[in-house]
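Colleague: Sharing a structure here in structure tokens format.
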């Protein structure tokens with residue numbers, strides 16, 4: 001029997017970190033299914049989902065805990081229930097504007113009010129081409145609720161765009 005685990009990993013970034021993780025997982029008969037990983041502020045941060053034979057779960061988790069001596073923190077949770085089938089349409093929300101506190105909070109509040117689920121969110125700040133000011137960019141893959149259509153979401157986000165001083169675009173999405 002296989003056990004599905006969802007893990008969060010964080011530690012000082014260094015070459016070979018992903019290789020080290022994958023070697024430990026493979027050593028215990030595990031299969032790396034999906035992940036999202038990034039270098040953020042000098043740190044390696046990631047989430048991943050694996051399957052491992054049930055009889056290897058404790059040994060794998062003990063080995064992963066031993067990596068803490070090397071500065072890597074690993075949290076693990078069993079993925080017990082199969083997720084309910086996804087309903088609703090996928091869409092992509094893109095946000096661009098001068099960086100300032102509160103952009104993500106205000107946009108996420110609108111999404112929550114319309115029962116829109118964030119499937120994936122990528123944000124970053126970069127220097128604007130002409131002015132050199134910090135420019136905030138976000139791209140979110142969202143799943144619309146049965147009660148919120150693409151146009152309705154676009155209108156709701158446009159309502160706050162002027163206050164945030166950002167451009168927001170909502171367009172149909174295919175898949176993650």
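Derivation of every value follows stated rules applied to the coordinates shown; laboratory data play no part. Remember, predicted model here, so these are calculated numbers, not experimental data. Every residue, glycine among them, receives a Cβ derived from its backbone with ideal geometry; neighbour counts consider all protein chains shown.
Colleague: Scan the range 137-158 and tell me whether some residue there is part of a helix (DSSP H, G or I) and loosely packed, with under 13 Cβ neighbours inside 10 Å.
Modeller: yes
Colleague: Can you work out which of the residues in the range 91-125 that are part of a loop (DSSP other than H, G, I, E, B) and in contact with a helix residue (DSSP H, G or I) (Cβ under 9 Å, 6 or more places away or on another chain) is nearest to residue 160 (Cα to Cα)? So that I can check it myself, show each step before the final result.
Modeller: Of the range 91-125, the ones part of a loop (DSSP other than H, G, I, E, B) are 99-102, 114-116.
Right, trim to in contact with a helix residue (DSSP H, G or I) (Cβ under 9 Å, 6 or more places away or on another chain) and you get 100, 102, 114, 116.
Details: 100: 14, 102: 12, 114: 14, 116: 16 Å.
The extreme case among them is 102.
Colleague: Under the condition of being touching a helix residue (DSSP H, G or I) at 6+ places or on another chain (Cβ under 8 Å) and part of a helix (DSSP H, G or I), which residue from the range 50-64 is farthest from residue 16 (Cα to Cα)? Spell out the reasoning first.
Modeller: Filtering the range 50-64 down to residues touching a helix residue (DSSP H, G or I) at 6+ places or on another chain (Cβ under 8 Å) leaves 50, 52, 60, 63-64.
Retained after the next criterion (residues that are part of a helix (DSSP H, G or I)): 60, 63-64.
Working: 60: 19, 63: 17, 64: 15 Å.
The extreme case among them is 60.
Colleague: Being assigned to a loop (DSSP other than H, G, I, E, B) and under 16 Å from the mean Cα position of the chain (by Cα), is that true of even one residue in the range 65-87? Before you say what the answer is, go through the steps one by one.
Modeller: Start the filter on the range 65-87 by keeping residues that are assigned to a loop (DSSP other than H, G, I, E, B), which leaves 71, 79-87.
If we keep only those that are under 16 Å from the mean Cα position of the chain (by Cα) as well, we get none.
Checking the range 65-87: not a single residue is assigned to a loop (DSSP other than H, G, I, E, B) and under 16 Å from the mean Cα position of the chain (by Cα).
Colleague: Against the definition (touching a strand residue (DSSP E or B) at 6+ places or on another chain (Cβ under 7 Å) and assigned to a strand (DSSP E or B)), how does residue 47 come out, yes or no? Full working, then the answer.
Modeller: On the way: touching a strand residue (DSSP E or B) at 6+ places or on another chain (Cβ under 7 Å): yes; assigned to a strand (DSSP E or B): yes.
Here the answer is yes, as residue 47 does meet what is asked.
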